[in-house]
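Engineer: Take this structure, written in structure tokens, and hold onto it; I'll ask about it next.
The values are calculated or read from the model by the stated rules, or taken from the named source; none is laboratory data. It should be emphasised that the depicted structure is a prediction, and the values quoted were computed from it without experimental measurement. Using ideal geometry, Cβ is built from the backbone for each residue, glycine included, and neighbour counts are taken over all protein chains shown. Ligands, DNA and RNA are excluded from the accessible area calculation, which covers all protein heavy atoms including side chains. Shrake-Rupley method; radii C 1.70, N 1.55, O 1.52, S 1.80 Å.
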Amino acid sequence: MREERKVTVNGESHTVVISDEREALLAASAAGRASVAVWDGKNGEFLPAAFAVESPEDADEEFLQRVVRRKLGLPWEICRTGRLIIREFAESDADSIPPGETGGPGDGIFRDREKLRAYIGQQYGFCQYGIWAVTDKESGRLVGMAGFGPPAGDMDGLELGYHIFAPWRRRGYGLESCRAVLEWERREIGLPVWARIHRDNTPSLRLAGRLGFQVFREEKEILYLIQNKKEI
């Protein structure tokens, strides 16, 4: 089967090819079109598409918009709150992070265009989650970051990470953004979520408590917290 659907992204119409035929998916790729494979799990043949569904009916409007955005390299919108839009980082965001604003050793990638480009392609493209940009809904300004990293060491589940830039602190953006991404994770993934916080970082510990995290392990100066008393 082969089906074409039109979706609108950023005011422009795009065609998405949905098919269970290898040749149709290859032709769509050659034409620069986004595509979705229909795969029922019975056919072991590899189908050349970045996304797959069991039935064409599973590809709703939002799903197809995200397929097109991934094809075009446009950031996905993850969720909205009363004041914030949380979305994937775009390469241009590297220029919007205030000097010296990193939440940890690994956050330097978000200030480097080349490293950020690789992160977008690999982390978002493969896992479909990561650390996301937190933006002010009214102004569009980048005010921080929040999201999830993969497990480290002997941990299972996902690690919550967030960092609100200094000019926008003390406005409740940390709590608002973390609540939103935790709800997204519960709905879309459903794995245990934990956090690593230095024992002297009182604001982060207070925030984690309000989010339902509790300490379950200590290693030197680092506290490991798990949400909702789930056991890892």
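Engineer: Quote the Stokes-Einstein diffusion coefficient, in whole µm² s⁻¹, for region 1-132, based on the Kirkwood radius over alpha carbon pairs, a temperature of 4 °C and a viscosity of 1.567 mPa s.
Structural biologist: For these conditions, the coefficient is 79 µm²/s.
Engineer: How large is the direction-averaged shadow of the alpha-carbon convex hull of the chain, in nm²?
Structural biologist: 14.7 nm²
Engineer: If you plug each phi of region 115-126 into the Karplus form 6.51 cos²θ - 1.76 cosθ + 1.60 with θ = phi - 60°, what whole-Hz ³J(HN,Hα) values come out, in order, with x for Gly and Pro?
Structural biologist: Ordered by residue, 3J(HN,Hα) equals 5, 5, 4, 5, 4, 4, x, 8, 5, 5, x, 8 Hz.
Engineer: Based on the alpha carbons, how large is the Rg to Rh ratio for region 188-231 when Rh follows Kirkwood?
Structural biologist: 0.98
Engineer: Would you report the distance distribution of C-alpha pairs in region 114-179 as whole percents per 5 angstrom bin, up to the bin with the largest distance?
Structural biologist: 4, 16, 21, 22, 18, 13, 5, 1, 0
Engineer: Moving to a separate point now. Give me the percent of DSSP beta bridges within the chain that run antiparallel, rounded to the nearest 5.
Structural biologist: Numbers: 37 of 46 bridges.
So the antiparallel bridges amount to about 80 percent of the total.
Engineer: Excluding ligands, DNA and RNA, what is the solvent-accessible area per residue of region 127-232 at a probe of 1.4 Å, expressed in Å²?
Structural biologist: Roughly 54 Å² per residue, with all protein chains present.
Engineer: Report relative contact order for region 1-139 in percent, whole number only (criteria: Cα-Cα under 8 Å, sequence separation at least 6).
Structural biologist: Once divided by the residue count of region 1-139, the mean separation gives 16 percent.
Engineer: On a full-extension model of 0.36 nm per residue, what is the gain between residue 171 and residue 215, subtracting their alpha-carbon distance, rounded to one decimal in nm?
Structural biologist: This chain segment gains 13.3 nm when fully extended.
Engineer: At a threshold of 8 angstrom on Cα-Cα distance, excluding pairs fewer than six apart, so keeping six or more, what relative contact order does the chain reach in percent?
Structural biologist: 11 percent
Engineer: Report, to the nearest whole %, how much of the accessible area of the chain belongs to carbon and sulfur atoms, 1.4 Å probe, protein only.
Structural biologist: The computed percentage sits at 47.
Engineer: To the nearest 20 Debye, how big is the dipole of the chain about its Cα centre, given +1 on the beta carbon of each Lys and Arg and -1 on that of each Asp and Glu?
Structural biologist: For this selection, approximately 900 debye.
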